[in-house]
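The next block holds one structure in the form of structure tokens; read it before the comments.
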Amino acid sequence: MIENYLDAVEHDRASDMPACAAFLLGMIAQFVSYQDPAAAHQYATEGLTLARETGMPSAIAINLVGLAQAVVVDDPDQARALLAEALRLAATLDYENLNELAGAVFIAARLQEWPTVLRASGRVLHLFNRSGAAMPKVIMVGTLNFVTRGLAEHQPETAAVLQGAIGTMMRQLAPDVAAPARGSTSGNDIAVFAGGVRRDTTQRLTAALGDARLRELRAQGAAMDETQTYTYARAHIDEYLASSAEELK
């Protein structure tokens, strides 16, 4: 798949479409960032330079996100600054792109910036429900796992219900994400990272609720379908963000 994208980059360059080439480079950086951060850094740096030359906002933002993913482990401060610029650019120009927002969710989760995770996740869920856009289920499962972690300390019962719903979705994904993190795509790497976040969340929820209550709430969530799960998650994200805004006044 990466080879096809790289061929498309060369085609766009040859066709004098630098903005399209820049956008694709940002996408490639996101695809390879878990397995090969050095390559992701190279693609996103090249793409960002090209995007800034063209002035195309979405190309700039997608490369900022790709570069942030490339450096998030070795230079979290730089990743945080890159992510902030990408989100600020979208907010200033009043547009939303599902791929950019999904990337922002994963970067914020790796930075443990849970309020940012919740803000970006709420928009991902809104756009997904509104447009029916095609987003791999592994990405949506990962996003929901990060939402549960973001809500765990403030709304542990909500987070427990969501964990039950996510469990059902995860079983539907198997065996696609059951293999070790390797290969030509980043799906399994995403699943491994999201699984670590889920285990951390479970420990927090067990401490807050106890085993019996956690099982009870998870069973409630397991009965929800995907649409109900997304709607439930978004409603409680909005509730948390509204209450947080009130606290800051």
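Worth a mention:
- When 141, 105, 117, 124 are checked against the criterion of being in the same structural domain as residue 153 (by TED's automatic domain parsing) and buried (at least 20 other Cβ atoms within 10 Å of the Cβ), 141 stands alone in meeting it.
Residue-wise test of (1) at pLDDT 95 or above; (2) closer than 18 Å to residue 5 by Cβ; (3) surrounded by fewer than 24 Cβ atoms within 10 Å (Cβ to Cβ); (4) in contact with a Pro (Cβ under 9 Å, 6 or more places away or on another chain).
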| site | (1), (2), (3), (4) |
| --- | --- |
| 30 | no, yes, no, no |
| 34 | no, yes, yes, no |
| 41 | yes, yes, yes, no |
| 44 | yes, yes, no, no |
| 47 | yes, yes, no, no |
| 57 | no, no, yes, no |
| 67 | yes, yes, no, no |
| 70 | yes, yes, no, yes |
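Rundown of residues vs (1) assigned by TED's automatic domain parsing to the domain that holds residue 190; (2) out of contact with any Phe, Trp or Tyr (no Cβ under 6 Å at 6 or more places or on another chain); (3) β-branched (Val, Ile, Thr); (4) under 21 Å from residue 127 (Cα atoms), yes/no style:
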site	(1), (2), (3), (4)
9	no, yes, yes, no
16	no, yes, no, no
19	no, yes, no, no
23	no, yes, no, yes
33	no, yes, no, no
49	no, yes, yes, no
52	no, yes, no, no
73	no, yes, yes, no
82	no, yes, no, no
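- Just one of the listed residues (203, 228) is surrounded by fewer than 16 Cβ atoms within 10 Å (Cβ to Cβ), modelled with pLDDT of 90 or more and within 30 Å of residue 70 (Cβ to Cβ), namely 203.
- So residue 241, is it at pLDDT 95 or above and closer than 18 Å to residue 157 by Cα: no
- Going through (1) under 30 Å from residue 159 (Cα atoms); (2) polar (S, T, N, Q); (3) in contact (Cβ under 8 Å) with a residue 24 or more places away in the chain one by one, residue 58 falls short only on (1).
- Residue in region 114-135 that is nearest to residue 82 (Cα to Cα), counting only those that are out of contact with any helix residue (DSSP H, G or I) (no Cβ under 7 Å at 6 or more places or on another chain) and not in a helix (DSSP H, G or I): 134
The values are calculated or read from the model by the stated rules, or taken from the named source; none is laboratory data. Please read all numbers here as calculations on a predicted model, not as lab measurements. All Cβ positions, even for glycine, are placed from backbone atoms using ideal geometry, and neighbour counts span all protein chains on display.
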